[in-house]
Amino acid sequence: MTLAPAGPAAAAPAVVPLVEDPASYVDPFIGTTRGGNTWPGATRPFGMMAWSPTSTTGDQTNTGAANGYEYNVTKLRGFSLTHVNGAGCSPGAAGDVPIMPYVGDVTTSPTADTRDQQYVSTFAHANEAATPGRYTVGLDNGVRTDLAVSTRAGIGDFTFPAGSAANLLFRTSNSLNGSEDAEITIDAGRRSVTGSVLTGGFCGRRGNGGGATNPNRRSYYRLYFSATFDRDFARTGTWRNATVTPGGTTATGGEGYLTGADRAGKGSGGWVGFDTAGGGAVRMRIGISYVSLAGAAANRDAEIPATATVESVAAAGRDAWNTELKRIRVGGGTEPRTTAFYTAVYHALMQPQTMNDLDGRYLGADLKIHRIRAGQRAAYGTFSGWDQYRAQIQFLALLRPDVAGDMAQSMLDFATQNRGIWDRWLHLGAPTHVMTGDPAAPTLATYYAMGARNFDVRAALDSLVRQATVQNPDALSDAGCPGQCLGQRPTLDTYLALKYAANDICHCWGGAAETLENSLADFSLAMWARRAGRNDLYRQLLPRGDYWKNTYNPAVGYQAARRADGSWQSGFTPSTDVGFAQGSSATYTWMVPQDVSGLAALMGGRTAAATRLDGLFHDENGNWAVLGGNPLRYDPTNEPGIHAPWLYNGLGQPWKTQETVRQIVDTAYGTGPAGLPGNDDLGTMSAWYAFAAIGMFPQVPGRAEMLLGNPVFTRVVIDRANGVRLTVNADTTDTYVQGVKLNGSTLRRSWLPESFVQSGGTVTFTLATTPNKSWATASSELPKDH
C-alpha cells in the first residue's frame, strides 16, 4: 500500500506574548485630576513612605486637591513624606512634613506666608516625570528635585543653581489636615535634621457634630522623621508662627485642625542652607517612623545606606513594583488599555500601608506601641472599609492572600486595642468612623473565602459576631453624625428588634443604607461561619442577610427610609438621598448582590428586573448614561452601585453585563490625568477596572465565585502568592461572549466556581461583535445566591 505524501503540518497558533516590564506601563499621573485624588510621587508596594508634592492655590491651609496634588495646579510648597491614595475628604489624610527647596534668603517666617506667595515655586509638566518608586521635577526656581524611596525611607537629590542662596525648608507642622504640635531639631555637626508632627484629623473639617465636638478633629498619630545630608550646612534657622530665628536649631508648635484664620499663620519649622559656590547638588537620606526618632533613623540606615544613590534606590523600587505587577501578566491588548490596566494594579497595591518599623514595633489604635505577632510579616494599616470591600480587598486577596491575612490580623489587633470595636475607616490603625455599615465583616469574610488563613480566624470571627449581636455603648451616640457616626452597628438592639435601621432613631448616616450594609455584612459573616464549621453561627446570621427586604417599599418599588413606627419617610422620589449615604435610592436599590433572585422577585421577575436595570444605565432616549452626574443613573465615581453592571448575569441576560461593562471601561476610564472617573478610594475604582479588564468580577462579599464579563486582553496569567495559577484566554477582544470553557470543558454558566480562585484553572473565552442571547440564560445556569 502506497501512502500519499503528507502535506505541511498545520502551524500551532502563536502564543500571545505577555508584558515583560509592566512597570513601564504604569502612569502615576492617571487620576491626578477629575477628582481622582491620586498623586504621582514615589512609593513602594504597601509602602509607609509616599513622597509626593503638595500643591497650593494660594492658601497655606489647603491644597489643589484632597491628597495634595492636582494636575492643573502647578505651584508647590513642598514634597511631603506620607500620602493616602484617592481619599476624598478635603483635605485628605497625611501629607506630613512638606520639604521645600527654596532659592533665596529666608528673611520671614514661612508660616506667615499664609497665601503661599514667597516660599513656593511653579513648575511645568514638561519638566516633571514619575515612574513607580521615583518622582522628578525641575522647578521654575531652578532646583531639580529627584526622589526615590524604599518602604520606610527615601533619598532625594536637590540640585540648586550654582552660586544661589540654597535652602531646604522643613514645614514640620503643615500636614494636610493641620497638626496639634510639631518639633524640629537641627544638628549641624551631624548634618542632620530630625523632628516629628502630632497630627491626624482625617475628615475633621466636616461640620458633622459641629465645631470642637467633631470626633475627628483630634490627633491620633505622631510621625517621626530623621534626615541626614552628604554635605555641611552653611546656615540654619527656625520659625514659630510669625517669628523667624536665623541661626536657630530647635522649634515647636502646631497649626490646629480648622481652616482659614483659625489656622493660618500658625505652626513651626526650620531650614538648612548650603554653600553652592562650588556646585549646587545636595543629597538627603530620610527615614520615617510612627514609633520613635530612633526608629526613623534605623529604618533609614537599614533601607537606604550611605552608599545609596537615587538611581540605585529607584532601580530597587522599580524591581519591587515589577515583582508585584508580574503577579498578573497580560498580553494581546492595546497600548492604552495596557497602560490603564497596570496603572490600576499599581494604585490597587499601594494599600494597605506598612506601619511597623524594621524591629517589628508599630503604633496601635490605643496610641501605645505594640509589636507584630510571631509569624506576622508586617502590621498593615489604613483601611477605607465602605469603599474597599466592594473590589479592592478581593483584588488584594486574589494576588496577595498572604498580605490580606496580615491585614486581617492587623485589623483584629486594632479592634482589640479599641475596646473590641472594628471601625469603618482606619487611618493607619486609628478609628475615624467615616462612612456607614460594618465593612470589616465582609472584608475578613472575603479574605477567608479567597484563601487567607494567616490570621487568628476564630478570634476575628468571634469578635465581629459579638459586635453584630451585643450593642456597645457607642451605638447610641450621635457624635459625628452624619458621615462619621461614632458607633459600630448603630442602635443595634433596635435594629435586631425591628429588622431594619429606623431612619428617625438609628444614630447612623441613613437607615436604608445602614440596613443594606448590615444585611450584606451579616450574610458574609454567615458564609464565613459555614466555611469555618460554625453552623450555629451560620444558622443565626443567615436570616439577617434578608433584612434588606424590610426597607424595600413595594408601593414605589425602591429601597426607602423607614421610621421606627413602620411608616415610610414622606416625600420619596427615586433620586432622594434621605436614608442613604453618598448615593440615591435609585442606586442603593440594587445593592443586594447576595440575593439577586430575591430582589428580582420583588420587582416582578428577572425580565422585569432586567428592564428596570436597563434604566440605570440608559437615559429616557436609550442613550448610555454611565458617566455619573444624575442620581437616577449609574454613578462610576462612587461605590454603592459599582457592582450593578454585573447583576445582569444573575438576571439571565449576561450579554448586557458584557456591553455595559465594556462601555464603562471605554468611556468612564482611560489614560492621562483624567483617566479615573472619581476618587480612587484607596484603589477601589482601580481594582474595579482591573477586574473588568480581565473579564471577571467578585460576585458577592464573603464568597469567592467570579462573575464573567469580557476580557480586553487575549491572554492573562495570574500567579497568586500562594502558588495557585489562574489563566484567562480569549480569541479576540470583542465585546460579546459566544461561549466559555473552563479547564477545557464547556461552561454554560456566566460565573466561575470558588474552586477556580482557590485551586486554579484556565478559562477560555470565545468573543464576537454580536451578542449570544442564549448563553448562560437558563435558570439552572444563573449564579447561586445563598
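A few remarks follow.
- Residue match in the range 513-523 (condition: in the same structural domain as Ala415 (by TED's automatic domain parsing) and over 28 Å from the mean Cα position of the chain (by Cα)): no
- Every test in (1) under 17 Å from Ser268 (Cα atoms); (2) at pLDDT 95 or above is passed by Asn177 save one, and that test is (2).
- Which numbered condition Gly163 fails, given (1) more than 24 Å from Gly92 (Cα to Cα); (2) in contact with a strand residue (DSSP E or B) (Cβ under 7 Å, 6 or more places away or on another chain): (2)
- Single residue of the range 137-153 satisfying the filter (within 30 Å of the chain's Cα centre (by Cα) and of a type in the set (Gly, Ala, Ser)) that is farthest from Asp301 (Cα to Cα): Gly138
- Taking the range 415-518 and the helices (runs of 4 or more DSSP H) fully enclosed by it, the elements with 1 or more residues that are in contact with a helix residue (DSSP H, G or I) (Cβ under 9 Å, 6 or more places away or on another chain) and surrounded by fewer than 23 Cβ atoms within 10 Å (Cβ to Cβ) are at 457-469, 492-498.
- Number of residues in the range 95-139 that are among the basic types (Lys, Arg) and either buried (at least 20 other Cβ atoms within 10 Å of the Cβ) or closer than 23 Å to Asn679 by Cα (or both): the value is 1.
- Of all residues making up the range 171-193, the number that are crowded, with 24+ Cβ neighbours inside 10 Å and either in a loop (DSSP other than H, G, I, E, B) or free of Cβ contacts under 8 Å to residues at least 40 places away in the same chain (or both): 8
- Of everything in the range 728-774 that is touching a Lys or Arg at 6+ places or on another chain (Cβ under 7 Å) and assigned to a loop (DSSP other than H, G, I, E, B), the residue that is surrounded by the fewest Cβ atoms within 10 Å (Cβ to Cβ) is Gly760.
- Exclusive hit being modelled with pLDDT of 95 or more and on the phi > 0 side of the Ramachandran plot, set Val97, Val103, Val73: Val97
- In this entry, Gly375 passes the filter for residues that are of a type in the set (Gly, Ala, Ser) and touching a residue at least 40 places away in the same chain (Cβ under 8 Å).
- Helices (runs of 4 or more DSSP H) wholly inside the range 576-691 that include at least 2 residues being more than 28 Å from the chain's Cα centre (by Cα): 596-602, 606-617, 654-667
- The residues on offer are Gly86, Gly92, and the sole one that is touching an Asp or Glu at 6+ places or on another chain (Cβ under 7 Å), in a loop (DSSP other than H, G, I, E, B), buried (at least 18 other Cβ atoms within 10 Å of the Cβ) and in the same structural domain as Val272 (by TED's automatic domain parsing) is Gly86.
- Just one residue in the set Thr309, Thr339 is in contact with a Lys or Arg (Cβ under 9 Å, 6 or more places away or on another chain) and modelled with pLDDT of 95 or more; that residue is Thr309.
- Matching residues in the range 267-290 - criterion: being outside any strand (DSSP E or B) and surrounded by fewer than 24 Cβ atoms within 10 Å (Cβ to Cβ): Thr276, Ala277, Gly278, Gly279, Gly280
- Pairs, first more than 8 Å from Trp775 (Cβ to Cβ) and in the same structural domain as Thr764 (by TED's automatic domain parsing) in the range 732-744, second assigned to a loop (DSSP other than H, G, I, E, B) and among the aliphatic types (A, V, I, L, M), C-beta under 6 Å, six or more apart: Thr733/Val712
- For the range 731-786, a residue qualifies if it is of a type in the set (Asp, Glu) and under 31 Å from the mean Cα position of the chain (by Cα), and the qualifying residues are Asp734, Glu754, Asp785.
- Only one of Thr122, Thr111, Thr32 that is in a loop (DSSP other than H, G, I, E, B) and among the polar types (S, T, N, Q): Thr32
- Meets criteria (in contact with an Asp or Glu (Cβ under 9 Å, 6 or more places away or on another chain) and outside any strand (DSSP E or B)) for Asn62: no
- Some residue of the range 45-56 being modelled with pLDDT under 95 and under 21 Å from Leu676 (Cβ atoms): no
The values are calculated or read from the model by the stated rules, or taken from the named source; none is laboratory data. Quick caveat, the model's predicted, so the values are computed rather than measured. Reconstructed Cβ throughout: ideal geometry from the backbone, glycine too, with neighbour counts over all protein chains shown.
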